[in-house]
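The values are calculated or read from the model by the stated rules, or taken from the named source; none is laboratory data. These figures come from a predicted structure and were not determined experimentally. So basically every Cβ, Gly included, is an ideal-geometry build from the backbone, and we count neighbours across all protein chains shown. Ligands, DNA and RNA are excluded from the accessible area calculation, which covers all protein heavy atoms including side chains. Shrake-Rupley method; radii C 1.70, N 1.55, O 1.52, S 1.80 Å.
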Amino acid sequence: MASIKILLRNKPNKEGQYPVVLKVIKDRKIKVITLGITCLEKDWDKANAKFKKSQPNYMQRNRALLKKKEQALKIIDDFFLEGVDFTLTQFEAKFRGKSSSNITVIEFWNERLSDLNKAGKTGTARTEKYVKNSLFKYAKNKSLHFRDITPVFLEKFEIHLRSNNNDDGSIGVRMRHIKAMFNSAIKQGVVDEKYYPFKVYKTAKLKSKGIKRALSRKEMKLMESIDTIKNPNLLDAKNYMVFSYYSGGMNFIDMMKLKWENIQEDRIVYTRSKTKGNFTVKMLEPVKKVVEYYKAQNRPTDYVFPILLSNDLSPIQIEYRKNKTLRAFNKKLKEIASIQGIKKNVTSYVIRHSFATNLKYAGISSDLISQTMGHHDVSVTNAYLKEFENDAIDNAMNKLLEEPRLRYAS
């Protein structure tokens, strides 16, 4: 529930007068709205949030403050009765007499970015900020409203992006984030559904047509056999690669956040960051060796890998560390490939995809592979979890240790 309070700002204006403001608090977020009235600090009754008798026209001004307070409380009550989980931007719009349709895209989007960061979804926030900047660089209009984002507007934005050498994948990322932002605005009652442009403008046409890349089993063996005595700078990269591949194509961010408490006997039990799905993976021998190596380091943090170097990093610090370390990891994967004579552009994604490809070549069903990788909707995941027992997944994982019976295409 929201709460309100009337008070003076901390800093006076040029005339030495302090603005009277309305402070609204909801879900531990704060919005401060100026009321257009000022006074000297000596004329303000802080305990009772009203003007003292020393303030000229104090009775009239106190009645005005009371009306503002009643107005704010009524807005909160109206939202409650309508069942609307309102944002502070929506509250301010109502309080100032603006209709929801007059809330600008940038106002709504900035609040959305703030919420994403506070929720720890810093990766999504970073991408959405990039998309927002890209959109407004094109629009050249900070007062853009939701009703201005029409199918024609999106088509012209797409043409603009293509003229700057963006491919389908890059354009698709932008459009899907704009779509998500629009859906959020509709859900929160900021914009009417009749203005939704994506009924006409379809994002499905922008799916990346890039060729899926994977290493064959033979190439993976070559990558694993890198001599880390001669190349000690590649030891961590090799360990991360082996761990990711043999633990079900685990994402780098999930590896990075993996804690010792997630290692339970001969299994890894964790929640995937992207989908929030729960996974339990059998530790194969190569994974056990990697875990033993880092366990012997006896580092003071709770994390398995020496990526997050402190237990009390903020979400933004974690995001920064992920980006920096992932770039270094991908660079070293390319170095390993070059040393081992592999001419493919190897990245952490390629390692993850190689896991799926090689299980498929080994005769494992696509459904089971999807389950191990978390590539599907939660409802589908739950359906597969009922169908396949851990033993079936364990047997599938063990296929990775068997010598290939088929010659894989390079």
Take every Cα pair under 8 Å in the range 164-221 that's 6+ residues apart, average their separations, divide by the length, and report that relative contact order as a whole percent. 51
Show that you can apply the helix-only estimate: for the chain, add -39,500 (n - 2.57) for every DSSP H stretch of four or more residues, divide by all residues, and state [θ] at 222 nm to the nearest 500. -15500 deg cm²/dmol
One point scatterer per Cα, no solvent, Debye formula: log10 I(q)/I(0) for the chain at q = 0.15 Å⁻¹ comes out as -1.36
Taking the simple approach of a point 7 Å from Cα along Cα-to-Cβ for both I229 and I25, what is their distance in nm? 6.4
Over 19 Å between C-alpha atoms is what I'm after, so list which of K140/K194; K132/K156; K121/K194 land there. K140/K194; K121/K194
Accessible area of Y138 in the full protein assembly, 1.4 Å probe (Å², nearest 10): 60
Under a straight-distance cross-link criterion of Cα-Cα below 23 Å, which lysines are reachable from K399, leaving out those fewer than 8 residues away in the same chain? K212, K218, K221, K238, K282, K288, K289, K360, K386
Please give every one of the aspartates and glutamates within straight-line cross-link reach of K331, meaning a C-alpha to C-alpha distance under 14 Å, and leave out same-chain neighbours fewer than 8 residues apart. D236
As an exercise, identify the GluC sites (Glu not before Pro) in the range 246-302 lying in DSSP coil whose Cβ has no more than 10 other Cβ atoms within 10 Å. E265
Net lengthening on full extension, N311/F198 (0.36 nm per residue, minus Cα-Cα): 36.5 nm
Whole-percent carbon and sulfur share, accessible surface of the chain, 1.4 Å: 51
Length gain on complete extension for the stretch A64 to R147, per 0.36 nm per residue less the alpha carbon to alpha carbon distance? 26.4 nm
Nearest-0.05 FRET efficiency for D167 and A119 at R0 = 22 Å, using Cβ-Cβ distance, is 0.10
Assuming a viscosity of 0.890 mPa s and a temperature of 25 °C, what translational diffusion coefficient in µm² per second does Stokes-Einstein assign to the range 50-185, Rh being the Kirkwood radius over Cα pairs? 139
Which distance in Å, rounded to a whole number, links the C-alpha centroids of the range 281-360 and the range 22-82? 54
So which trypsin sites (Lys or Arg not before Pro) in the range 195-254 are both in a DSSP loop and have at most 15 other Cβ atoms within 10 Å of their Cβ? K202, K207, K209, K212, R213, K230
Just need the relative contact order of the range 1-112 here, percent rounded to a whole number, with Cα pairs under 8 Å and 6+ apart. 17
